[in-house]
Amino acid sequence: MERIWTGVLVALVGLLAATAALAHSFAIVSAVSVSGSEVTVRVMDVYGAAVEGGTASLALAPPGGKPGKAVPLTEGPPGTYRGTLTGVNPGDYDAVVDITVLGDLFRGRLRVELGSSMAETAVEMVGIDATPHFSWGPVLYGAAVVLLIAATAVAMVRRRQAVDEGE
Amino acid sequence: MRRSGFFMVFVLLVTLLAAGCRAASKPVPTLDFTLEQEGEGLVVRVQVTGMQVPEQGHVHVYLDDGPEAMAYTTTYRIPKVAPGAHKVRVELSDMQHRPLGVSLTKEITIK
């Protein structure tokens, strides 16, 4: 009987946590173009709608290396963010594009060639959970784990007592 | 043995009850929207009462049961939509993108 209750409890906790985890799953893409030292980033969602009102920045990194200081990009037309990279030698770089919209941070990385023109190149923006949101999922998981450990310990002690009494 | 099983169920019920009371204490927002063809595209204009958008929550948009998109304002523009009949579902969610259980579906024919 206890096993059934424990199974029901664990299943419910797992269901609640999975529901919370699966609730948020939208994707955005960026189209990055370069003209000399000017960078333009168009950000859009899965239906091509402009992702407007965000805070965007771009940081350059040596190919495969760590990005340097981020340059803020200014939104012009809705969903289009522009910036100028000054004091940077022409050549190949990895551009790390960050955009934060209503607390959600998205990041994309692509190879760019500064000093020349680069046609619009699409890059998938990966969602990064920058703002820690409180969720009942981990709390319920933790409670279930503690409960299971405690119940197992109690059961083992009682079983041993029962065996000792039997002897 | 049976007692500890009942205890676990009791803890679960209390947790669910607490979560339910927390949800019930908030007013339920309402939602309406209009669909309008704009050139080759589609404009969704959303009206929400009982919740400030985007300060207190978001609007999620689904075109033809497709993937989830987020409207960052109450006006959402899809620049290009294929001609024909389309279904648009708009859903309210909280700041953590959890659906609030308020959604509405409308249809439009793009010429």
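Scanning residues 5 or more positions from A:ILE28 or on other chains, those with amide H under 5 Å from its amide H are A:MET125, with H placed 1.01 Å from N in the peptide plane. Inter-chain Cβ neighbour count for A:35-48, averaged per residue, equals 3 (cutoff 10 Å, partner chain atoms only). Rounded to the nearest Hz, the phi-derived 3J(HN,Hα) couplings of segment A:77-93 under the Karplus curve 6.51 cos²θ - 1.76 cosθ + 1.60 (θ = phi - 60°) are x, x, x, 10, 10, 10, x, 10, 9, 9, x, 10, 5, x, x, 8, 9, where x marks glycine and proline.
Near the amide H of A:LEU73, within less than 5 Å, lie the amide hydrogens of A:ALA56, A:SER57, A:LEU58, all on another chain or at least 5 residues away, with H placed in the peptide plane.
Buried area at the A:B interface is about 2800 square angstrom, summed over both chains, from accessible surfaces computed with a 1.4 angstrom probe.
If Lys and Arg each add +1 and Asp and Glu each add -1, what is the summed charge of the other residues whose beta carbon sits under 9 Å from the beta carbon of B:VAL43?
Surrounding charge for B:VAL43 is 0.
Protection proxy ranking, highest mean first, for peptides A:121-127, B:57-63: B:57-63, A:121-127, where packing is the per-residue count of other beta-carbon atoms within 10 Å, averaged. The phi torsions of segment B:94-107, fed into the Karplus equation with coefficients 6.51, -1.76 and 1.60 and a -60° offset, translate into couplings of 7, 5, 9, 6, 7, x, 8, x, 10, 8, 8, 10, 9, 10 Hz, rounded to whole numbers, with Gly and Pro shown as x. Applying the Karplus relation 6.51 cos²θ - 1.76 cosθ + 1.60 with θ = phi - 60° to segment B:62-69 yields 3J(HN,Hα) values of 10, 9, 6, 6, x, x, 6, 10 Hz, where x marks Gly and Pro.
Less than 5 angstrom separates the built amide H of B:LEU100 from those of B:LEU92, B:SER93, B:ASP94, all sequence-distant by 5 or more or on a different chain.
Other residues within the sphere of radius under 15 Å centred on the Cβ of A:GLY64, judged by their own Cβ, net out at +1 (K and R +1, D and E -1).
The mean number of partner chain beta-carbon atoms within 10 angstrom of a residue's beta-carbon across peptide A:154-160 is 1. Simple spin-label estimate for A:SER116 and B:LYS111 gives 4.8 nm between the two label positions (7 Å along the Cα-to-Cβ direction from each Cα). Neighbours of A:PHE106, meaning other residues whose beta-carbon lies under 10 angstrom from its beta-carbon, give a summed charge of -2 when Lys and Arg score +1 and Asp and Glu score -1.
The values are calculated or read from the model by the stated rules, or taken from the named source; none is laboratory data. Values in this document were obtained by computation on a predicted structure and should not be read as measured data. Ideal geometry is used to build each Cβ from the backbone, glycine not excepted, and the neighbour counts take in all protein chains shown. Each accessible area value is taken on the protein alone, full model and side chains, heavy atoms only, with ligands, DNA and RNA left out. Shrake-Rupley method; radii C 1.70, N 1.55, O 1.52, S 1.80 Å.
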